[in-house]
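Okay, structure first, notes after.
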Amino acid sequence: MRKMYLSAPLPFVGQKRMFAREFIKVLEQFNDKTVFVDLFGGSGLLSHITKCQRPDATVVYNDFDGYRERLQAIPQTNILLADFRRLAAGVPKDKPIRGAARERILERIVMAEREWGYVDYITVSSALMFSMKYATSLEAMRKETLYNNIRKTDYPPCPDYLDGLTITSCDYKELYEKYKDVPGVVFLVDPPYLSTEVGTYKMYWRLSDYLDVLNVLRDKPFVYFTSNKSSIIELCEWLGENKTLGNPFKNCGKVEFNAHMNYSAKYTDIMLYKKQDEKPFNKAA
């Protein structure tokens, strides 16, 4: 019997493992549906669970972030982790890796990339960085303090994790257009959360991008995920109650100022201004 995973086999920001069992219950509400489209496939966990629960249905997994490649690289990743354990043998668990040990670990990563042409930096950095921090390149890792957060066991292979899925890799809007008129379709919508770190995703998201996602929810069955950090539900409720507002910033002038908190954190202060139209002066007769 096929194993059903309730968490993703490899680290991934925003995987829905905490929702897994409740998501299974929600799927029961769509027994009459035959196509499930995971627009923001991420780790593939939602697609995997859906296919396990509904083997009769077509389940489309949008692997935009290259999770398949990471799964295929598990044997090489395990080799790296074994070498990291050896190189950090004298460093206590959860303590910083400094000096020669740090340099040897970074050099080992360089060698791996030369030999294999690929390193799963998210999984590797999860073993060497602390508190849910990830990096997507060696350059990013060099800027961080490394810690002995290396797991003691290998990642098990999972060759059947994505079995039975229809796998694609494209912009979610393109995928939505392809399936929006298919009878019996349900959209699984788990975009990067607003006001949440999205540095490991292969896209840059602005507020308008988050709001654009709401278009796919219109008149279609869906399962949508968000967070209270995004305030997206509160925003939609407010817009629903203030339908005639329009855009108060239309035709405004704008001044921007770039500010830096430290070497890696920056933001933009914005000032918007609009001169009220002057009313015509009516001279008394």
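The values are calculated or read from the model by the stated rules, or taken from the named source; none is laboratory data. Note that the structure is predicted; figures quoted are calculated from it, not measured. Virtual Cβ from ideal backbone geometry, glycine too; neighbours counted across all protein chains shown. Protein only, heavy atoms only, side chains kept; ligands, DNA and RNA dropped before computing areas. Shrake-Rupley method; radii C 1.70, N 1.55, O 1.52, S 1.80 Å.
Panel values: the chain, Kirkwood radius from alpha carbon pairs, Stokes-Einstein at 20 °C and 1.002 mPa s, translational diffusion coefficient 97 µm²/s.
Hey, with R₀ at 22 Å, roughly what FRET efficiency would N242 and D219 work out to, going by the Cβ-Cβ distance, to 0.05? With a Förster radius of 22 Å, E is 0.50. Of all DSSP-defined beta bridges confined to the chain, some 40% are antiparallel rather than parallel. Highest mean first, the peptides 241-252, 107-118 sorted by other C-beta atoms within 10 Å per residue fall in the order 107-118, 241-252. The residues of the chain present an accessible area of 61 Å² per residue when probed at 1.4 Å with all protein chains retained. Residues whose amide H lies under 5 Å from that of I167, counting only those 5 or more places away or on a different chain, are Y61; hydrogens are built 1.01 Å from N in the peptide plane. My understanding is that a pair violates if its Cα-Cα distance is over 24 Å; which of K180/K250; K51/K133; K51/K173 do that in this structure? Over 24 Å apart, Cα to Cα: K180/K250; K51/K133.
Report for the stretch 19-170 the percent antiparallel among DSSP-assigned beta bridges with both residues inside it, nearest 5. About 20 percent, rounded to the nearest 5. With all projection directions averaged, the alpha carbon convex hull of the stretch 1-112 covers 9.3 nm². Give me the percent of the accessible area of the chain that comes from carbon and sulfur atoms, probe 1.4 Å, all protein chains in place. The computed percentage sits at 53. Converting phi to 3J(HN,Hα) with the Karplus coefficients 6.51, -1.76 and 1.60 and the offset θ = phi - 60°, the stretch 241-257 yields 8, 10, 5, 9, 5, x, 9, x, 9, 4, 6, 6, x, 9, 10, 10, 9 Hz in sequence order, with x at every glycine or proline.
Partners of K93 within straight-line reach, counting aspartates and glutamates whose Cα lies under 20 Å from its Cα and excluding those fewer than 8 residues away in the same chain: D83, E103, E144, D154.
The alpha carbon gyration tensor of the stretch 19-64 gives principal lengths a ≥ b ≥ c with a/c of 1.5 or higher and a/b no greater than b/c, which makes the shape oblate. Pairs of Cα atoms nearer than 8 Å and 6+ residues apart set the relative contact order; for the chain it is 19 percent.
A simple spin-label model places pseudo-atoms 7 Å from Cα toward Cβ; at K254 and C158 they are separated by 4.1 nm. Could you work out the helix-only [θ] at 222 nm for the chain, with each DSSP H run of four or more residues adding -39,500 (n - 2.57) and the total divided by the number of residues, to the nearest 500 deg cm²/dmol? Value at 222 nm, helices only, nearest 500: -9500 deg cm²/dmol.
Spin-label pair A89-V110: with each label point 7 Å from Cα along the Cα-Cβ axis, the two points sit 2.4 nm from one another. For the stretch 60-86, backbone nitrogen atoms closer than 19 Å to the point 7 Å from D32 Cα along Cα-to-C-beta are found at no residue.
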